[in-house]
Amino acid sequence: MKYLFGPVFSRRLGYSLGIDLLPPKICSLNCVYCEVGPTTELTCERKEYVPTAEILQEIDRFLASGAAGRPIDVYTLTAMGEPTLHTRIGEIIAYLHARTDKKVAVLTNGTLFFDPKVRAELSAADIVIPSLDAARQESFERVNQPAAAVNLEQVIEGLVLFRRQFHGEFWLEVLLVRDMNDSQEDLAALQQAVRRIDPARVQLNTVARPPMDGRARPVTREKMEQAAAILADGYAGQVEILVDLQAIEQKELGQGKQLQPKLVEEIAGLLQRRPCPIEEIDKALHVQDLELTRACVQALVNAGRIEKLVHNNKEFYQLATVRSDPRKD
Ligand code: SF4
């Protein structure tokens, strides 16, 4: 499949079949934390970047195969860039609704919501999850590196207007990057924006996967909790922390430990044979230093070579198998 991927399990959406509407990497932003890589075409121009007919044919093939026997909760329109740049996104949403009884979600950076056509097209979706990482111009430019035509005030106003007209689930994702958009001024400005936009939920995130720019680092657990409290103040909706705070701490530990490249490769070799919990890796390779083992495991996770899975309430690590959604699900 060229455009469809998954299903991947997403904590937010359940089993999600992803549909990429754009090739890498056409976007109206060039976020420092992007997992896809640098934006090669930084634009707000809407076009039919890939043929809609081909996407619909792939959807038909997938459905004809009985969804390949896989459970699906939701079809998620996304992209290796910004999906609302595709001019026929509305038709694709309508097609999915006509052919399946599942929900349709859209993951978007929200920069084009000022355009009434984009708002009308997305109104047919069931779940829309835009992001807004900064409500101060300098932080917005630092973290999101927008195309020249993107205007922050217009972006926030577009989100406000969409929220008023949309009857489905509307969740706002905010991704915090250490020392880039996490100052007290930034959080206060985001608090004002959240109050204005009034999404049903705010989902807080931080850098959890290898970013495009090595300067993009996760914020601490304390910062996430502080940000959640600030955003929840005076806002009637729900503020959730999406990211695994324990993983952030492990990452922090990892940054304090000197990585051993040989041990990293030995761990990768061990996990090639079977999934293992951290303690077992530490024991099997005679490391006897859980912090060091964690740091090396985290380095492999960051590189996308291994992934965590939970089985019987226990965390294991195994070789990475699934392609990940570029929107941090
Ligand atoms: S994170 Fe999303 S919005 Fe930001 S550059 Fe990557 S694809 Fe574009």
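Quick one: count up the residues across the range 98-118 that are within 17 Å of ARG201 (Cβ to Cβ) and in a loop (DSSP other than H, G, I, E, B). Break it down into steps so the answer makes sense when it comes.
Taking the range 98-118 and keeping what is within 17 Å of ARG201 (Cβ to Cβ), we get 103, 105-108, 110.
Right, trim to in a loop (DSSP other than H, G, I, E, B) and you get 110.
Summing the residues that are within 17 Å of ARG201 (Cβ to Cβ) and in a loop (DSSP other than H, G, I, E, B) in the range 98-118 gives 1.
Only residues that are part of a helix (DSSP H, G or I) and touching a residue at least 40 places away in the same chain (Cβ under 8 Å): list them for the range 119-139, please. I'd like the intermediate steps shown before the answer.
Keep residues of the range 119-139 that are part of a helix (DSSP H, G or I), which gives 119-122, 137-139.
Correct list: ARG119, LEU122, SER139.
Can you name every residue in the range 236-245 that is crowded, with 17+ Cβ neighbours inside 10 Å and out of contact with any Leu (no Cβ under 8 Å at 6 or more places or on another chain)? Across the range 236-245, the qualifying residue is only GLY237.
In the set LEU21, LEU29, LEU42, only one residue is touching a Pro at 6+ places or on another chain (Cβ under 6 Å), hydrophobic (A, V, I, L, M, F, W, C) and within 11 Å of the ligand (Cβ to nearest atom); that residue is LEU29. Out of the residues in the range 97-121 meeting the condition of being closer than 19 Å to GLU169 by Cβ and more than 22 Å from the chain's Cα centre (by Cα), tell me which one is farthest from the ligand (Cβ to nearest atom). Here the answer is ASP101.
Does at least one position in the range 152-163 carry a residue that is part of a loop (DSSP other than H, G, I, E, B) and in contact (Cβ under 8 Å) with a residue 24 or more places away in the chain? Full working, then the answer.
Initially, the range 152-163 is screened for residues part of a loop (DSSP other than H, G, I, E, B), giving none.
Within the range 152-163 (the criterion being part of a loop (DSSP other than H, G, I, E, B) and in contact (Cβ under 8 Å) with a residue 24 or more places away in the chain), the answer is no, since none of the residues qualifies.
In the set THR78, THR100, THR108, THR84, only one residue is hydroxyl-bearing (Ser, Thr, Tyr), surrounded by fewer than 24 Cβ atoms within 10 Å (Cβ to Cβ) and closer than 22 Å to THR39 by Cα; that residue is THR78. All conditions in (1) without any contact (Cβ under 8 Å) to a residue 24 or more places away in the chain; (2) within 30 Å of GLN184 (Cα to Cα) hold for ASN144, with the sole exception of (1).
Using the structure shown, decide if ILE127 is aliphatic (A, V, I, L, M) and more than 19 Å from the chain's Cα centre (by Cα). Give the steps one after another, and end with the answer.
Working: aliphatic (A, V, I, L, M): yes; more than 19 Å from the chain's Cα centre (by Cα): no.
The answer is no for ILE127.
Per the conditions (1) touching a residue at least 24 places away in the same chain (Cβ under 8 Å); (2) outside any loop (DSSP other than H, G, I, E, B), the sole criterion not satisfied by GLY81 is (2). Beta carbons closer than 8 Å, at least 6 apart along the sequence or on distinct chains, pair a first residue in the range 48-68 that is charged (D, E, K, R) with a second that is exposed (fewer than 15 other Cβ atoms within 10 Å of the Cβ) for GLU54/LYS2; GLU58/MET1; GLU58/LYS2; ASP60/ARG99; ARG61/MET1.
Hey, does the range 17-30 have a residue that's among the acidic types (Asp, Glu), out of contact with any Lys or Arg (no Cβ under 9 Å at 6 or more places or on another chain) and more than 17 Å from LEU175 (Cβ to Cβ)? Break it down into steps so the answer makes sense when it comes.
Our first condition is that a residue be among the acidic types (Asp, Glu); within the range 17-30, this holds for 20.
This time we only want the ones that are out of contact with any Lys or Arg (no Cβ under 9 Å at 6 or more places or on another chain), so: none.
No, the conditions are met nowhere in the range 17-30.
Determine whether PRO7 is within 22 Å of the chain's Cα centre (by Cα) and more than 21 Å from ALA125 (Cα to Cα).
Numbers: within 22 Å of the chain's Cα centre (by Cα): yes; more than 21 Å from ALA125 (Cα to Cα): no.
Spelling it out, it is not the case that PRO7 is within 22 Å of the chain's Cα centre (by Cα) and more than 21 Å from ALA125 (Cα to Cα).
For the range 80-100, filtering for residues that are within 21 Å of ASN30 (Cα to Cα) and of a type in the set (Ser, Thr, Tyr) leaves 2. Of the listed requirements (1) among the hydroxyl-bearing types (Ser, Thr, Tyr); (2) over 16 Å from ALA125 (Cα atoms); (3) out of contact with any strand residue (DSSP E or B) (no Cβ under 6 Å at 6 or more places or on another chain), TYR95 misses just one: (2). Among the numbered conditions (1) more than 8 Å from the ligand (Cβ to nearest atom); (2) at pLDDT below 95, the only one that VAL36 does not meet is (1). Within the range 192-229, the set of residues being outside any loop (DSSP other than H, G, I, E, B) and surrounded by fewer than 19 Cβ atoms within 10 Å (Cβ to Cβ) comprises GLN192, ARG195, ARG196, ARG201, ARG221, GLU222, LYS223, GLU225, GLN226, ALA228, ALA229.
The values are calculated or read from the model by the stated rules, or taken from the named source; none is laboratory data. Keep in mind that this is a model prediction, so the values were computed, not measured. Note that each Cβ is placed from the backbone with ideal geometry, even for glycine, and that neighbours are counted across all protein chains shown.
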